[in-house]
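Q: One structure coming up, written as structure tokens, with questions to follow.
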Amino acid sequence: MAPDEPRSDCIFCGIVEHRLPAHVVYEDERCLAFLDLFPLTRGHLLVIPKHHVDRLKELEPGLYGPFLAAVSELCRRVERLAPDYNVAMNQGARAGQIVFHLHVHLIPRYDHGNPFAVAHRARLDDGDARELVKILSPPAGR
């Protein structure tokens, strides 16, 4: 299997192919962004390339621009929730990568201390997810 083909065992590929549900807030030809199902903070997003690669080093150089443009657009949207946020990327199991499909975490920061020190992450509430999708989606008519 080529590295960029969807993988049936990859949850993010399943989301890209609409086989698995997600609270999507952004989609273009090359990238997708959705709410993390077990957020560190309210509005925690994941931004992914639509084609499967495990790590950043495997992403085709021609996709760096579109991927970073999507991350930048989502940063502007996250600022609707909080002016401060983390942009994080885990590369490998020992670095905290759980899903081996390249993704960037956008984590809004509130006055709750360090979200990375949380021992238990509660599942995303569907009602809150719908509200967040409205806040983080593009303005009407755009």
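The values are calculated or read from the model by the stated rules, or taken from the named source; none is laboratory data. These numbers were taken from a predicted model, which means no experiment stands behind them. For neighbour counting, all protein chains shown are included, and Cβ atoms are generated from backbone atoms with ideal geometry for every residue, glycine included.
Q: As an exercise: evaluate residue 9 against (1) crowded, with 18+ Cβ neighbours inside 10 Å; (2) over 30 Å from residue 83 (Cβ atoms); (3) of a type in the set (D, E, K, R) and give the number of the one condition it does not meet.
A: (1)
Q: Quick one: which residue in 46, 102, 35, 40 is modelled with pLDDT under 95, surrounded by 16 or more Cβ atoms within 10 Å (Cβ to Cβ), within 13 Å of the chain's Cα centre (by Cα) and of a type outside the set (Asp, Glu)? Even if it seems obvious, please write down each step before you answer.
A: Working: 46 fails: modelled with pLDDT under 95; 102 fails: modelled with pLDDT under 95; 35 fails: modelled with pLDDT under 95.
Going through 46, 102, 35, 40 in turn, the sole match is 40.
Q: Just one of the numbered conditions (1) surrounded by fewer than 19 Cβ atoms within 10 Å (Cβ to Cβ); (2) more than 16 Å from residue 100 (Cα to Cα) is not true of residue 58; which one?
A: So the condition that residue 58 fails would be (2).
Q: Consider residue 82 against the criteria (1) hydrophobic (A, V, I, L, M, F, W, C); (2) touching a Lys or Arg at 6+ places or on another chain (Cβ under 8 Å); (3) under 21 Å from residue 27 (Cα atoms): it satisfies all of them except one. Which criterion is unmet?
A: Status for residue 82: all satisfied but (3).
Q: Going through 121, 142, 109, 94 one at a time, which residue ends up being exposed (fewer than 14 other Cβ atoms within 10 Å of the Cβ), over 23 Å from residue 50 (Cβ atoms) and either basic (Lys, Arg) or at pLDDT below 95 (or both)? Quick ask: steps written out before the conclusion?
A: Working: 121 fails: exposed (fewer than 14 other Cβ atoms within 10 Å of the Cβ); 142 fails: over 23 Å from residue 50 (Cβ atoms); 109 fails: exposed (fewer than 14 other Cβ atoms within 10 Å of the Cβ).
Among 121, 142, 109, 94, only 94 is exposed (fewer than 14 other Cβ atoms within 10 Å of the Cβ), over 23 Å from residue 50 (Cβ atoms) and either basic (Lys, Arg) or at pLDDT below 95 (or both).
Q: Now a separate question. Any residue that is under 30 Å from residue 110 (Cβ atoms) and more than 12 Å from the chain's Cα centre (by Cα) - is there at least one of those in region 20-27? It would help to see each step written out before you state the result.
A: Applying the first criterion (under 30 Å from residue 110 (Cβ atoms)) to region 20-27 yields 20-27.
From what's left, more than 12 Å from the chain's Cα centre (by Cα): 20-21.
Yes, region 20-27 contains a residue that is under 30 Å from residue 110 (Cβ atoms) and more than 12 Å from the chain's Cα centre (by Cα).
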